[in-house]
1. Of the residues in segment 57-80, how many are modelled with pLDDT under 65 and either over 17 Å from L105 (Cα atoms) or among the acidic types (D, E) (or both)?
2. Collect the residues in segment 41-62 that are buried (at least 18 other Cβ atoms within 10 Å of the Cβ) and more than 19 Å from the chain's Cα centre (by Cα), keeping them in residue-number order.
3. Is it the case that segment 87-104 has a residue that's assigned to a helix (DSSP H, G or I), under 10 Å from the mean Cα position of the chain (by Cα) and modelled with pLDDT of 80 or more?
4. Hey, M54 hits all of (1) at pLDDT 90 or above; (2) touching a Phe, Trp or Tyr at 6+ places or on another chain (Cβ under 7 Å); (3) outside any helix (DSSP H, G or I) but one; which does it fall short on?
5. Could you tell me whether segment 119-132 includes any residue that is modelled with pLDDT of 80 or more and of a type in the set (D, E)?
6. Give me the pairs, please: first residue somewhere in segment 119-132 and assigned to a helix (DSSP H, G or I), second residue anywhere and modelled with pLDDT under 80 and not aliphatic (A, V, I, L, M), beta-carbon distance under 6 Å, and either six or more positions apart or on two chains.
Amino acid sequence: MSIRNIGFGILLASAIFMFNSANAQAQHPYCTQALTELQEARWVFLKHIEGKPMTHNEKEALRTINETMREINAASPGSARKQNYQHAANPGDDNAAVISHCIDLIKKAKEDLSHEDDKFGDGLRNRTMKNCDDAIRFVKQAARS
């Protein structure tokens, strides 16, 4: 095999990967939007607990948000994978406002995910919607503790 053939093979494989990633993003815009909302919810929640020891419910809320984000990333390789997302808007210092904003973002993500066909991602919709419900429950419980 010549270097030219190897180079052509690598170029072809790269083009196919880029096409598939762009195609996945175009076919699943709701996953991309849900991921962005979950990243914002995670950021808001982390700002809320910043500097304090985390309770069990706070840990579980973050775990379920992270799990939902992981599921979306695994099933939708073309989705926007913005790591260390930081949103410019800050809900303020009021604990109730922060919790409410976090819950609203998770609910928006759940609504977006409800538009996905459940066959996509081997049942992604049902798993992520359950994770969103669990995250909301844990965030609410964390607010009470």
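1. Summing the residues that are modelled with pLDDT under 65 and either over 17 Å from L105 (Cα atoms) or among the acidic types (D, E) (or both) in segment 57-80 gives 3.
2. none
3. no
4. (2)
5. Looking for residues that are modelled with pLDDT of 80 or more and of a type in the set (D, E), one finds none in segment 119-132, hence no.
6. The qualifying pairs are R125/E116; R125/D118; N126/D118.
The values are calculated or read from the model by the stated rules, or taken from the named source; none is laboratory data. Keep in mind that this is a model prediction, so the values were computed, not measured. Heads up, the Cβs are rebuilt from the backbone with ideal geometry, glycines too, and the neighbour counts pull from every protein chain shown.
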